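Every read-out reported here was derived from the displayed coordinates using simple, explicitly stated rules and does not represent laboratory data. Quick caveat: nothing in here was measured; it's all calculated off a predicted structure. Because the Cβ atoms are built from the backbone with ideal geometry, glycine has one as well, and the counts that use them run over all protein chains shown.
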Amino acid sequence: MKRPLKELFLHFFVYGIGSVAQSAVTFLLLPLLTNKLSTADFGVFSLIQMCGAIAATIFYFGISSALSRSYFDYELEKDRNIVFSTSFYLIVLGAILQVMCGFFFRNHLSEYLFGTAQWGDHIFWTLTGTAIAFVNQIFYNYMRFVKWSRIVSISGVLTLLLNIGISYFLLVYSSMGVMAPIMGALFSSLIIFIYLLYVCRGVLVAQINRPEIKILIMFGIPNMLASVAAMVMEWSNRFFLNKYLSVEDAGVYTVGARAASIISIILIAPFAQVWNPIMMENRTNEGKGAMFTKVTTYYMTIGVVGIIFCSLFFVEFLHAIIPKPDYYRGIQLTPILMLGVLINGLNNIVSAGLFYERKMQYLVYVYGVVAIVSTILNASLIPYFGYSAAAWAALLTYTLVPLLTYAVSKRFQAIDFEVKKVFLGVILCLCVVSFIGYLDFIPLLYRLLLKTSIFIGCVFFVWIFVFDSSEKSEVSKILRLRRIGDAHK
């Protein structure tokens with residue numbers, strides 16, 4: 001059990017560089033976008049991104065997730081390369097279909113969302129960019145399977161620099177407005193695609209595994225449907241904010257949601273990228289039950305400490321880097337949304353049984369139910385309580401996802417949760433989040449000193465009451481490791 005856990009921690013930090021870089025683009029662009037775009041334009045941009053995100057979840061056919069299951073069914077490298085190539089050709093087909101749909105339906109989508117065809121070209125280029133991005137994802141999946149962590153990290157950093165650089169130039173010097181970040185994402189994805197195609201040229205073969213096509217699609221389609229439902233759950237609040245309030249309110253909420261994505265950037269995304277291959281490799285390991293128990297506890301503990309830190313200091317930082325006070329209302333929602341994102345990330349762990357048994361169709365039902373709940377909550381509450389209702393509805397629906405998933409998945413892979421430890425962490429987090437608003441009226445210096453004291457106290461609380469003596473010893477060993485890079489050589 002210790003070897004997979006140690007491997008998880010080691011690769012977490014190495015892959016974390018690339019993952020942070022890939023995921024941090026929208027967050028790092030936040031100061032620039034909020035400075036150059038009005039709340040209305042930012043709201044339009046968020047709804048256009050919604051179109052791209054939903055389209056990508058449909059046209060990638062769930063192949064990326066399916067590959068992670070099929071790849072390890074083969075022992076020989078030649079057979080694995082054929083499976084990868086088969087997946088690549090399928091996902092390229094999906095990308096072509098998405099671009100075609102974006103071209104033919106761009107004006108219809110613009111008129112439906114905004115009442116005008118003005119944003120049709122923006123929608124088309126967004127769909128083109130997300131199509132290239134999900135093709136790139138199949139390369140990233142393969143490189144994680146073979147532990148090419150340096151290339152993953154380099155690619156992630158290049159994506160970050162290209163996207164920010166192009167977006168900055170087009171927004172500041174070309175005054176392209178909403179189109180600037182769209183073009184930044186498109187061109188950076190295209191350049192990285194060419195680079196990854198060159199890097200992986202030796203493993204792409206002109207051969208397909210015909211029986212595997214059906215397996216990939218049968219596994220991928222339920223995952224795709226579940227992802228679509230997840231997108232509805234994720235984005236329906238923007239739709240109803242735009243419908244019942246204004247596009248400005250959609251923009252304000254999106255700022256809070258983007259700020260909350262910091263927890264996904266620094267923890268959930270790198271964790272998922274490292275955990276999924278380890279989870280699949282250890283599916284026949286008799287000691288995997290203990291591994292699941294400890295991974296769940298460590299994930300939630302680290303996440304809770306991260307949220308407490310962000311709640312205490314990150315909001316102060318956001319007020320400093322976002323120049324327009326119009327956006328500050330959205331920043332207030334950040335801690336609640338971060339907690340929801342963290343809890344939702346548990347699905348990477350509790351859904352293991354469904355992956356092991358190829359029962360992904362159950363995720364369709366889970367996300368379908370949650371999407372309906374999310375839609376009802378947002379449609380009912382947003383007209384009366386605004387974007388605050390959207391945030392609390394998001395926390396509830398984010399929590400429902402892992403609860404319902406595990407209710408189904410435990411038949412195939414039960415997990416002996418350390419409920420007391422996890423519960424203590426969540427309660428501590430909620431207490432800090434609820435209390436923090438009362439500190440705003442204290443002078444800045446004293447406020448920072450008090451927040452520092454609170455954070456140190458929370459860390460000691462977690463160390464004393466969450467970790468037992470053996471875990472403290474193990475954590476100390478991990479922190480003393482000096483050769484993190486050895487894991488990917």
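The distance linking the range 344-421 with the range 45-93 is 23 Å (Cα centroid to Cα centroid, whole angstrom). Computed from the C-beta positions of Leu396 and Met218, the FRET efficiency with R₀ = 30 Å rounds to 0.40. Put a plus charge on the Cβ of each Lys and Arg, a minus charge on the Cβ of each Asp and Glu, and nothing anywhere else: the dipole of the chain about its Cα centre is then about 1000 debye. Distance between the modelled labels on Ala40 and Phe313, one decimal in nanometres: 3.9 nm (7 Å Cα→Cβ projection).
Once the dipole of the chain is set up with Lys and Arg at +1 and Asp and Glu at -1 on Cβ about the Cα centre, which of Ile278, Cys101, Pro383 lies farthest towards its positive end? The residue sitting farthest along the positive end of the dipole is Ile278. Only one residue of Val419, Tyr253, Ala394 has its Cα farthest out toward the positive end of the dipole of the range 2-481, where Lys and Arg carry +1 and Asp and Glu -1 on Cβ, and that residue is Val419. Per-residue Cβ neighbour counts within 10 Å put Val370, Val83, Val92, Val426 in the sequence Val92, Val426, Val83, Val370, beginning with the fewest. In a fully extended conformation the segment linking Ser380 and Asp326 would gain 16.9 nm over its present Cα-Cα distance, using 0.36 nm per residue. Pairs from the list Lys147/Lys410; Lys214/Lys359; Lys147/Lys421 with a Cα-Cα gap above 24 Å: Lys147/Lys410; Lys147/Lys421. Please list, by residue number, everything in the range 383-405 whose backbone N is under 17 Å from a paramagnetic label point 7 Å out along Cα→Cβ of Ser434. It comes to 392-393, 395-396, nothing else.
Ignoring the sites themselves, what is the longest stretch of the chain with no chymotrypsin sites (Phe, Trp or Tyr not before Pro) in a DSSP loop and at most 10 other beta-carbon atoms within 10 Å? Longest site-free region, per DSSP loop and neighbour criteria: 174-440. Taking the Cα centre of the range 269-353 as reference, the dipole from Cβ charges on Lys and Arg (+1) and Asp and Glu (-1) amounts to some 80 debye.
At a Cα cut-off below 18 Å, give the aspartates and glutamates reachable from Lys451, other chains included and same-chain residues fewer than 8 away excluded. Once the sequence-local aspartates and glutamates are set aside, what remains near Lys451 is Glu316, Asp440.
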